[in-house]
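These notes concern the structure reproduced below.
The values are calculated or read from the model by the stated rules, or taken from the named source; none is laboratory data. These numbers were taken from a predicted model, which means no experiment stands behind them. Cβ placement follows ideal geometry from the backbone for every residue including glycine, while neighbour counts extend to all protein chains displayed.
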Amino acid sequence: DGGITQSPKYLFRKEGQNVTLSCEQNLNHDAMYWYRQDPGQGLRLIYYSQIVNDFQKGDIAEGYSVSREKKESFPLTVTSAQKNPTAFYLCASNQYTGAQHFGDGTRLSIL
Amino acid sequence: KQEVTQIPAALSVPEGENLVLNCSFTDSAIYNLQWFRQDPGKGLTSLLLIQSSQREQTSGRLNASLDKSSGRSTLYIAASQPGDSATYLCAVTLVTGSARQLTFGSGTQLTVLP
């Protein structure tokens, strides 16, 4: 089945540690996105990529980094510079301006 | 800056009722509007996508309308069922140069009581 796979489902970060969230899609979509969701709030865009080897900052990119070396993969690194990383992280993809498809999310917490 | 508002934040209805969820946006220069469903602890499931040139889209018991000029969209759910209980989010796509970005509302949490 085509879809988006995010891993791990739960992740814990220690003080000063960088952690990487995985996002893989087999939908052959060009564009991929990372969102952050906090309780009671809508989704906020962290980074997006419209094509391999290119990505753009979203509204809340500080403390995060991404790479897009392959079409199907768009990993997100939460760096130690992100002081409030506890949130639900969602990855999405689409083709041009078609419907965005989402993974099941990664919940990140601080130890 | 585009802002998307969803009212009400929460809604509780008895099973079988027809209901309407509202979404408003401040910038009418949208490319399309999408309605999603989110179950607790899960990702988003796309329900309906309305292009800016369209007035409505239908899928089963769901009907979404779009009025760009007034900055409004509604999601109509007919004959609601307990399985419809979830958070419903709307999002608009803005086009800025070559970039396509979605802006989300905060969602309406729907509970359908058996």
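Some points to look at:
- Segment B:14-69, residues that are touching a residue at least 40 places away in the same chain (Cβ under 8 Å) and of a type in the set (Ser, Thr, Tyr): B:24, B:26, B:28, B:31, B:69
- Residue match in segment A:74-89 (condition: among the basic types (Lys, Arg) and either surrounded by 18 or more Cβ atoms within 10 Å (Cβ to Cβ) or over 22 Å from residue A:15 (Cα atoms) (or both)): no
- Within segment A:29-47, the presence of at least one residue that is touching a residue at least 24 places away in the same chain (Cβ under 8 Å), surrounded by fewer than 16 Cβ atoms within 10 Å (Cβ to Cβ) and within 12 Å of chain B (Cβ to nearest Cβ) is confirmed.
- Just so you know, in segment B:57-71 the residues that are over 24 Å from residue A:30 (Cβ atoms) and crowded, with 16+ Cβ neighbours inside 10 Å include one that is nearest to the other protein chains (Cβ to nearest Cβ), and it is B:64.
- Of the residues making up segment A:56-72, those that are away from chain B (no Cβ under 11 Å), within 24 Å of residue B:91 (Cβ to Cβ) and not in a loop (DSSP other than H, G, I, E, B) number 2.
- Sole exception among (1) modelled with pLDDT of 95 or more; (2) under 11 Å from the mean Cα position of the chain (by Cα) for residue B:57, by number: (2)
- Among the residues of segment B:69-91, just one is over 18 Å from residue B:9 (Cα atoms) and touching a Phe, Trp or Tyr at 6+ places or on another chain (Cβ under 9 Å), namely B:71.
- Counted residues, segment B:31-56 - those being more than 10 Å from chain A (Cβ to nearest Cβ) and among the β-branched types (Val, Ile, Thr): 1
- Every residue from segment A:74-107 that is in a loop (DSSP other than H, G, I, E, B) and hydroxyl-bearing (Ser, Thr, Tyr): A:79, A:80, A:86, A:96, A:97
- Residues of segment B:74-105 that turn out to be within 14 Å of chain A (Cβ to nearest Cβ), buried (at least 17 other Cβ atoms within 10 Å of the Cβ) and part of a loop (DSSP other than H, G, I, E, B), as a count: 1
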